[in-house]
């Protein structure tokens, strides 16, 4: 897939985490969580060098209030952000891909089904964080089902740093998919094929 010219390329030797809150509802608590000390330290511990945040209309002030130069100095992380992209986020997701497992990025996403499916179809390691402030919330159920099937990590705002270690484990497991010993046609399709066959969620 061609990269979006408006998406900055990952720096040489770098590793990027992309955070998206989607286009439907604000999720400022997620933006604050990924800028918190414990989470930033977890990114550093797992060799991330860039944090890119899709913050929507209501989240820009959180980045503006953050001391990004201090984050760079303290954690070695370059933080950038934007509100929306009318062309979608496939360019952002494509920028995370790498044949080198040590340089492949990851995604932290709200649990909107469209965003989740986009990331999974791109085969990018994914942490799904439900927005529990939403009424008639289906997001927790979606995150739980996908984690049980070992497609994603179900992240929780109160302990989001722990999800980074778990998504690194998920990354390595996904590289081994499908199992070499499996003779079933369904699993020979690989992870993306299974998702296309099994999942019916859309935004």
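Considering only region 50-68, how many residues are free of Cβ contacts under 8 Å to residues at least 40 places away in the same chain and more than 12 Å from residue 28 (Cβ to Cβ)? Even if it seems obvious, please write down each step before you answer.
Taking region 50-68 first, the residues free of Cβ contacts under 8 Å to residues at least 40 places away in the same chain are 51, 53-68.
With more than 12 Å from residue 28 (Cβ to Cβ) added as a condition, the list becomes 51, 54, 64, 66-68.
Of the residues in that region, 6 qualify.
Here is a yes/no grid of residues against (1) more than 29 Å from residue 8 (Cα to Cα); (2) at pLDDT 95 or above; (3) in a helix (DSSP H, G or I):
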position	(1), (2), (3)
115	no, no, yes
133	yes, no, no
141	yes, no, yes
160	no, yes, yes
174	no, no, yes
181	yes, no, no
192	no, no, yes
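Of all residues in region 121-146, those being in contact (Cβ under 8 Å) with a residue 60 or more places away in the chain and buried (at least 24 other Cβ atoms within 10 Å of the Cβ) number 1. Of all residues in region 112-138, those being more than 19 Å from residue 51 (Cα to Cα) and touching a strand residue (DSSP E or B) at 6+ places or on another chain (Cβ under 7 Å) number 2. The set of residues in region 60-90 being over 18 Å from residue 20 (Cα atoms), modelled with pLDDT under 95 and not in a helix (DSSP H, G or I) consists of 67 alone.
The values are calculated or read from the model by the stated rules, or taken from the named source; none is laboratory data. These numbers were taken from a predicted model, which means no experiment stands behind them. FYI the Cβ positions are ideal-geometry reconstructions off the backbone, even for glycines, and counts take in every protein chain you see.
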